[in-house]
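What follows is a set of notes on a single structure, which appears directly below.
Just so it is clear, none of the values below were taken in a lab; they were calculated from the coordinates. None of the values given here were measured: they were computed from a predicted structure. No Cβ is skipped: glycine too gets one built from the backbone with ideal geometry, and neighbour counts run over all protein chains shown.
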Amino acid sequence: MSADLISKPTGKNASGRVYHRPEDDHHHAGGATMVGFFIYLMSDALIFASLFAAYGVLSRNYAGGPSPREIFELPLVALNTGLLLASSITFGIGMQAMVAGNVRGVIRWLIITGILGAAFVGVELHEFSGLIAEGATPQRSGFLSAFFTLVATHGTHVTFGIIWLVTLVFQLNKRGLTPDNTRRILCLSMFWHFLDIIWIGVFTFVYLFGAMR
Amino acid sequence: MSTSHHTPAGHGGAEHGNHGSKSSLWIGSILSIVLTVIPFWLAMSGATSAAAISAIFILAMVQIAVHVRYFLHIDSSTEGGWTFLAFIFTAIIVVITIIGSIWVMYHLNLNMMPMSIDEMRQM
């Protein structure tokens with residue numbers, strides 16, 4: 001069965017050897033890579049699930065320290081949520097440009113997405129520095145340890161997403177919409193939308209529920 | 001695995017719904033903006049009732065479904081159903097991990113010696 005699957009893409013040689021011509025990949029930008037990358041995202045979702053679980057368990061362990069209602073600033077969180085949601089939409093527009101084969105359009109929308117992502121990380125770091133200045137440090141209580149771990153893990157993912165995005169912009173600028181670059185954009189798009197989905201969980205369960213407690 | 005997806009089909013991807021159409025992008029965008037604004041409006045207006053919390057919870061679940069459907073483009077036909085299968089499996093594990101941990105640790109807490117805030121401050 002495996003021989004059957006391997007010989008299928010080329011299909012022309014009887015020896016069973018697999019030859020990859022440059023244009024072969026072009027037929028399916030992604031293929032198994034897309035499924036594989038999605039499996040990675042799902043394993044990442046499990047990491048976030050355990051961090052959410054830890055936060056759920058520790059979210060009331062204040063140890064006499066500040067409670068969520070005292071330290072969370074919802075307008076700042078609303079701004080951050082807006083930035084990340086907008087970046088997801090601009091990435092979607094960039095994908096439309098990719099379907100249309102418009103390299104300049106893809107690069108333009110990727111840069112806008114990257115700026116929105118960087119603004120998100122900037123606002124989050126501003127929030128963290130404000131909290132730490134108030135004495136709400138990660139080591140203050142179980143609640144704050146779990147909070148910083150969960151939110152900073154998400155922020156780190158966004159930061160690496162931005163690094164990936166900048167790399168891709170240079171790649172696109174140099175080589176255009178090659179099959180490799182198309183596959184990379186598809187993967188980054190999944191990664192970026194995935195992080196926005198995680199953020200829905202963060203703003204709902206951490207910030208909104210925390211402020212309503 | 002479905003081999004039909006591996007047949008050469010021109011510029012692969014678009015046929016498989018990997019990046020979706022313009023209309024699905026805009027439907028997803030409008031839905032997600034609405035589903036974000038309502039819970040923030042509820043929480044910032046000072047609502048703390050159980051009904052408001054339930055509403056925000058349901059809106060979050062709906063928004064996750066909207067993002068998965070319209071931004072990630074995962075449905076039962078994508079990649080021969082493998083991504084959908086992986087997503088459902090992960091969702092089940094996520095629910096077991098989160099609900100299970102909170103449930104177990106809540107009961108563990110109930111069986112612990114109670115501690116006052118003053119005692120905690122001295123720790």
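A simple count of charges around A:L76, restricted to other residues whose Cβ falls under 12 Å of its Cβ and scoring Lys, Arg +1 and Asp, Glu -1, yields -3.
Please label the shape of segment B:76-123 as rounded, prolate or oblate, based on the square roots a ≥ b ≥ c of the eigenvalues of the alpha-carbon gyration tensor (a/c under 1.5 means rounded; beyond that, a/b larger than b/c means prolate, else oblate). Here segment B:76-123 falls in the prolate category. Among the GluC sites (Glu not before Pro) in segment A:111-160, those located in a DSSP loop and surrounded by at most 12 other Cβ atoms within 10 Å of their own Cβ are A:E134. Couplings 3J(HN,Hα) of segment B:84-94, computed from phi: 5, 4, 4, 5, 4, 4, 4, 4, 5, 5, 4 Hz, in residue order, whole Hz [Karplus 6.51 cos²θ - 1.76 cosθ + 1.60, θ = phi - 60°; x for Gly and Pro]. Karplus-derived 3J(HN,Hα) values for segment A:174-182, using 6.51 cos²θ - 1.76 cosθ + 1.60 with θ = phi - 60°, are 7, 10, x, 7, 6, x, 4, 5, 4 Hz; glycine and proline are entered as x. Computed from phi, the 3J(HN,Hα) profile of segment A:84-92 under the Karplus parametrisation 6.51, -1.76, 1.60 (θ = phi - 60°) reads 5, 5, 4, 5, 5, 5, 5, 5, x Hz, with x in place of Gly and Pro.
Going by a ≥ b ≥ c, the root eigenvalues of the Cα gyration tensor, does chain A fall in the rounded group (a/c under 1.5), the prolate group (a/b larger than b/c) or the oblate group? Since a/c reaches 1.5 and a/b is larger than b/c, the shape of chain A is classed as prolate.
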